[in-house]
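Colleague: Please see the structure below; I have some questions.
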Amino acid sequence: MSVGADEARTGADDRGRDETPDERSDRNWVELLQELRVMQTGVQILTGFLLTLPFQARFADLDEFQVGVYLTLVGLSVLTTGLFVTPVSIHRALFRKHRKPELVTLSDRVTRAGIVVLALVFTGTVLLVVDVVVGRTAALWASGSVLVLLTALWLVLPRVAVRDA
């Protein structure tokens with residue numbers, strides 16, 4: 001995703017690119033923003049979905065477990081949104097201070113945390129929906145499967161790709 005601040009400061013080779021540390025930081029910042037745009041859209045749609053649920057007729061039928069899952073999901077969804085917007089706030093704080101490598105590094109870390117929380121939101125949403133529609137046992141299996149799938153796609157696959165590169 002992004003190079004660390006040390007690499008950007010030292011001008012370490014980034015796969016043969018002929019660019020200055022400042023150019024590398026600029027490129028990495030633009031790439032990170034593109035990734036955030038993709039993720040923010042999904043998070044906004046999911047958060048909007050969650051926020052409309054209490055206004056549905058069947059919401060009153062949820063049991064205590066389902067309400068707890070729902071409230072946890074709202075909190076995690078808001079946290080995910082906050083994490084994905086944080087790089088903009090960091091950028092505002094560091095704007096014109098010639099600290100782009102630090103901006104990229106910190107924003108990368110915050111975004112990675114957001115991805116982890118997003119996986120929990122997806123998993124929990126599957127848990128809630130399947131629990132309401134089918135039942136608790138199916139919901140636990142379905143949400144567990146989603147968590148395993150997302151861990152494989154978002155954590156394991158990128159590490160394998162980096163190792164093989």
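Colleague: Within segment 112-126, which residues are touching a residue at least 60 places away in the same chain (Cβ under 8 Å) and touching a Ser or Thr at 6+ places or on another chain (Cβ under 8 Å)?
Modeller: Gly114, Leu118, Val121
Colleague: Has segment 132-145 got any residue that is aromatic (Phe, Trp, Tyr) and open to solvent by less than 80 Å² (accessible area, probe 1.4 Å)?
Modeller: no
Colleague: Now, a different point. Considering only segment 69-98, state which residues are hydrophobic (A, V, I, L, M, F, W, C), farther than 15 Å from Ile115 by Cα and open to solvent by less than 70 Å² (accessible area, probe 1.4 Å).
Modeller: Listed by number, the residues that qualify are Val69, Val74, Ile90, Ala93, Leu94.
Colleague: Going by the structure shown, is Val116 modelled with pLDDT of 95 or more, in a helix (DSSP H, G or I), in contact with a helix residue (DSSP H, G or I) (Cβ under 6 Å, 6 or more places away or on another chain) and at negative phi?
Modeller: no
Colleague: I need the full set of residues from segment 35-66 which are surrounded by 14 or more Cβ atoms within 10 Å (Cβ to Cβ) and either more than 14 Å from Leu118 (Cβ to Cβ) or aromatic (Phe, Trp, Tyr) (or both), in order please.
Modeller: Leu53, Phe59, Leu62, Gln66
Colleague: If a residue must be free of Cβ contacts under 8 Å to residues at least 40 places away in the same chain, among the aliphatic types (A, V, I, L, M) and closer than 15 Å to Arg37 by Cα, how many such residues does segment 80-100 contain?
Modeller: Of the residues in segment 80-100, 2 are free of Cβ contacts under 8 Å to residues at least 40 places away in the same chain, among the aliphatic types (A, V, I, L, M) and closer than 15 Å to Arg37 by Cα.
Colleague: Go over the candidates Leu149, Leu103 one by one and state the one that is open to solvent by 80 Å² or more (accessible area, probe 1.4 Å) and either among the hydrophobic types (A, V, I, L, M, F, W, C) or free of Cβ contacts under 8 Å to residues at least 60 places away in the same chain (or both).
Modeller: After applying the criteria, what remains is Leu149.
The values are calculated or read from the model by the stated rules, or taken from the named source; none is laboratory data. From a predicted model like this one, the values you see are computed outputs, not experimental measurements. Don't worry about glycine lacking a Cβ; one is built from the backbone with ideal geometry, like all the others, and counts go over all protein chains shown. The protein model used for the area step is the full one, side chains on, heavy atoms only, and it has no ligands, DNA or RNA in it. Shrake-Rupley method; radii C 1.70, N 1.55, O 1.52, S 1.80 Å.
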